[in-house]
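A.B. asks: Pasting a structure here, questions to come.
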Amino acid sequence: QVQLVESGGGLVQAGGSLRLSCAASGRTFSRYCAGWFRQAPGKEREFVASISWTGVSTYYADSVKGRSTISRDNAKNTVYLQMNSLKPEDTAVYYCAADLRSNSLRPSDYANWGQGTQVTVSS
């Protein structure tokens, strides 16, 4: 098991940028695949981006592709999500997740979750 803590959320104007961080503690995080998901009020949790434990394989949701970059620093046990050109529809609670098996796009495939960080984009 790993413990995950997200940070970096906040209020930003449309067109702005944010970098979310997910700090992990516990077992060797470098062997875990990681993902970012988000959930807006009244909506289901949805996939945003994921990264393999090596960092070589990444996936993005179409809604953020070209505007976001997921990366990791295994020496710091941290995964990042850089989000640019933010839109009001990006407003949601963003969650970090980790699992040993794969950098899946499905929330149900992740065993470890953080508490989330709020991102609000004003128009």
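A.B. asks: With the convex hull built on the Cα atoms of the stretch 22-123, state its orientation-averaged projected area in nm².
C.D. replies: 6.3
A.B. asks: Might you tell me the accessible area per residue for the chain, computed with a 1.4 Å probe and given in Å²?
C.D. replies: 51
A.B. asks: Using a cut-off of 15 Å between alpha-carbon atoms, which aspartates and glutamates can reach K43, once sequence neighbours fewer than 8 places away in the same chain are excluded?
C.D. replies: E89, D90
A.B. asks: If you place +1 on the Cβ of every Lys and Arg and -1 on the Cβ of every Asp and Glu, how big does the dipole about the Cα centre of the chain come out, in debye to the nearest 20?
C.D. replies: Using only the charged Cβ atoms, the result is roughly 200 debye.
A.B. asks: Further question on the same structure: Taking the chain as a Gaussian network, where each spring joins two C-alpha atoms under 10 Å apart, which residue of A98, A23, A40 fluctuates the most?
C.D. replies: The residue with the greatest mean-square fluctuation here is A40.
A.B. asks: Pull up the DSSP beta bridges for the chain and report the antiparallel fraction as a percent, rounded to 5.
C.D. replies: 90
A.B. asks: To continue, here is another question. At a 1.4 Å probe, what is the % contribution of carbon and sulfur to the accessible area of the stretch 8-66?
C.D. replies: Its accessible area is 47 percent carbon and sulfur atoms.
A.B. asks: Here's something else I'd like to know. Rounded to the nearest 0.05, what FRET efficiency do S122 and A61 have when you use their Cβ-Cβ distance and R0 = 25 Å?
C.D. replies: The pair S122/A61 has a calculated efficiency of 0.70.
A.B. asks: Turning to a different aspect of this structure: Just to be sure I understand: if I project the alpha-carbon convex hull of the stretch 1-69 onto a plane and average over all orientations, what area do I get in nm²?
C.D. replies: Orientation-averaged projected area of the Cα hull: 5.7 nm².
A.B. asks: Of the trypsin sites (Lys or Arg not before Pro) in the stretch 23-123, which ones lie in a loop per DSSP and count no more than 16 other C-beta atoms within 10 Å?
C.D. replies: Loop-located and lightly packed - R27, K43, K65, R67, K76, R101.
The values are calculated or read from the model by the stated rules, or taken from the named source; none is laboratory data. The shown structure was predicted, so the numbers you read here are calculated from the model rather than taken from an experiment. Heads up, the Cβs are rebuilt from the backbone with ideal geometry, glycines too, and the neighbour counts pull from every protein chain shown. Surface areas here come from the heavy atoms of the whole protein model, side chains and all, with no ligands, DNA or RNA. Shrake-Rupley method; radii C 1.70, N 1.55, O 1.52, S 1.80 Å.
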